[in-house]
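J.: So that we are looking at the same thing, I have put the structure below in structure tokens.
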Amino acid sequence: MASILALAAAFLFALAAALQQKGALNLPELSLRDPASLVRLVGQRMWLFGTVALLVGYVLQAAALDRGRLAIIQPLLVMTVVFALPLGYVLTAQHVGRSEVAGAGVIVVGLALFALYGDPAGGKENAPGGEWLIAIAILVTICAVLLVFGGKGGLSLRAGIYGTVAGILFGLSAALTKPTLDYLHAGVEELLTHWEPYALAVAGILGFVLQQISLGTGKLAPSVATVSVANPIVGILLGIALFDERLSRPGWHVLVACIGLGMALVGAVVISLAREGAGAEERPRAAAPDAATA
């Protein structure tokens, strides 16, 4: 059931990305330097539909994490990039070439191997505050370094960098969801007395905003692929470092599971690096009246 919920969440995340991108393409370029550009998204119907799909996906992901291990749920979210290819083709006329199709096939095979031969066991629902502090400090530093270079380069590079930072924050959010749900089972009053729910909200909101900027570049494949790679990597590392999750099957089963996970991540990278369309870097937009006159 946890795996089914995770795959359903992956589909909704892909649908949300395609719909939100479709809404963002009608607007001027999105930027952290111009908060008003982000506010304009609220007026786009397609973007709002995508946001609803995203929120439902978050609920399904939380339900999956409540029933399963972080180290198995997060890798399944790599399927988001597979679902995003046909959705992007239909909704936003994204080019889907042979490299993207091959990458999607590698992802499916890799995740199948990981799901069949990987068997995360052990683990706990939370970690000491000191361990959380170190982990969050490391992730924040990585995000800050990436954001320094986020405004440079072409559209695909910017989509990839902002998508990577969003994926890191989503991976952190997923890890924080475990103790948050544990507190919620004990009652709302218990939930509100701990710091994890507030950190979850901050990481989730920042990841959401950065993903919108990534999608706003018009480059759906690198945006979704980098989110889908960074998210499970961070989730797995935090599951191992903080929650003591391990692959329990001995010997060659662990090796095959690791190879499968590696294949899935490589497939997502292949999609991320593949050229979209004929290689044009210009972002398609509706012409503004003054531009049409000119």
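J.: Look through A135, A144, A159 and report the one residue that is loosely packed, with under 14 Cβ neighbours inside 10 Å and either of a type in the set (A, V, I, L, M, F, W, C) or in contact with a helix residue (DSSP H, G or I) (Cβ under 8 Å, 6 or more places away or on another chain) (or both). Steps first, please.
T.: Numbers: A135 fails: loosely packed, with under 14 Cβ neighbours inside 10 Å; A159 fails: loosely packed, with under 14 Cβ neighbours inside 10 Å.
Of A135, A144, A159, the one residue that is loosely packed, with under 14 Cβ neighbours inside 10 Å and either of a type in the set (A, V, I, L, M, F, W, C) or in contact with a helix residue (DSSP H, G or I) (Cβ under 8 Å, 6 or more places away or on another chain) (or both) is A144.
J.: Looking at this structure, is V82 surrounded by 14 or more Cβ atoms within 10 Å (Cβ to Cβ), over 16 Å from I240 (Cα atoms), touching a Leu at 6+ places or on another chain (Cβ under 6 Å) and not charged (D, E, K, R)? Walk me through how you get there before you give the answer.
T.: Numbers: surrounded by 14 or more Cβ atoms within 10 Å (Cβ to Cβ): yes; over 16 Å from I240 (Cα atoms): yes; touching a Leu at 6+ places or on another chain (Cβ under 6 Å): no; not charged (D, E, K, R): yes.
No.
This table checks each residue for (1) of a type outside the set (S, T, N, Q); (2) within 28 Å of L133 (Cα to Cα); (3) crowded, with 18+ Cβ neighbours inside 10 Å.
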position: E189; (1), (2), (3): yes, yes, no
position: Y198; (1), (2), (3): yes, yes, no
position: P222; (1), (2), (3): yes, no, yes
position: T226; (1), (2), (3): no, yes, yes
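J.: A follow-up question, please. Of the residues I240, I168, I205, which single one is in contact with a helix residue (DSSP H, G or I) (Cβ under 8 Å, 6 or more places away or on another chain) and at pLDDT 85 or above?
T.: Values: I240 fails: at pLDDT 85 or above; I205 fails: in contact with a helix residue (DSSP H, G or I) (Cβ under 8 Å, 6 or more places away or on another chain).
Of I240, I168, I205, the one residue that is in contact with a helix residue (DSSP H, G or I) (Cβ under 8 Å, 6 or more places away or on another chain) and at pLDDT 85 or above is I168.
J.: Give L48, L60, L91, L54 a once-over and let me know the one that is modelled with pLDDT under 80, part of a helix (DSSP H, G or I) and under 20 Å from the mean Cα position of the chain (by Cα). Give the steps one after another, and end with the answer.
T.: Details: L48 fails: modelled with pLDDT under 80; L60 fails: modelled with pLDDT under 80; L54 fails: modelled with pLDDT under 80.
So the residue among L48, L60, L91, L54 that is modelled with pLDDT under 80, part of a helix (DSSP H, G or I) and under 20 Å from the mean Cα position of the chain (by Cα) is L91.
J.: Provide a single number: the residues in the range 94-122 that are β-branched (V, I, T) and more than 18 Å from the chain's Cα centre (by Cα).
T.: Summing the residues that are β-branched (V, I, T) and more than 18 Å from the chain's Cα centre (by Cα) in the range 94-122 gives 4.
J.: Sticking with this structure for a sec: Does the range 182-198 contain at least one residue that is in contact with a helix residue (DSSP H, G or I) (Cβ under 9 Å, 6 or more places away or on another chain), without any contact (Cβ under 8 Å) to a residue 40 or more places away in the chain and within 30 Å of V82 (Cβ to Cβ)?
T.: For the range 182-198, residues in contact with a helix residue (DSSP H, G or I) (Cβ under 9 Å, 6 or more places away or on another chain), without any contact (Cβ under 8 Å) to a residue 40 or more places away in the chain and within 30 Å of V82 (Cβ to Cβ): absent.
J.: Residue by residue through the range 93-114, note down the ones that are closer than 13 Å to Q21 by Cβ and surrounded by fewer than 20 Cβ atoms within 10 Å (Cβ to Cβ). I'd like the intermediate steps shown before the answer.
T.: So in the range 93-114, the residues closer than 13 Å to Q21 by Cβ come out as 93-94.
A93 - this is the single residue of the range 93-114 that is closer than 13 Å to Q21 by Cβ and surrounded by fewer than 20 Cβ atoms within 10 Å (Cβ to Cβ).
The values are calculated or read from the model by the stated rules, or taken from the named source; none is laboratory data. Bear in mind the structure is a predicted one, so any value in this text is a computation, not a measurement. Cβ: placed from backbone, ideal geometry, glycine included. Neighbour counts: every protein chain shown.
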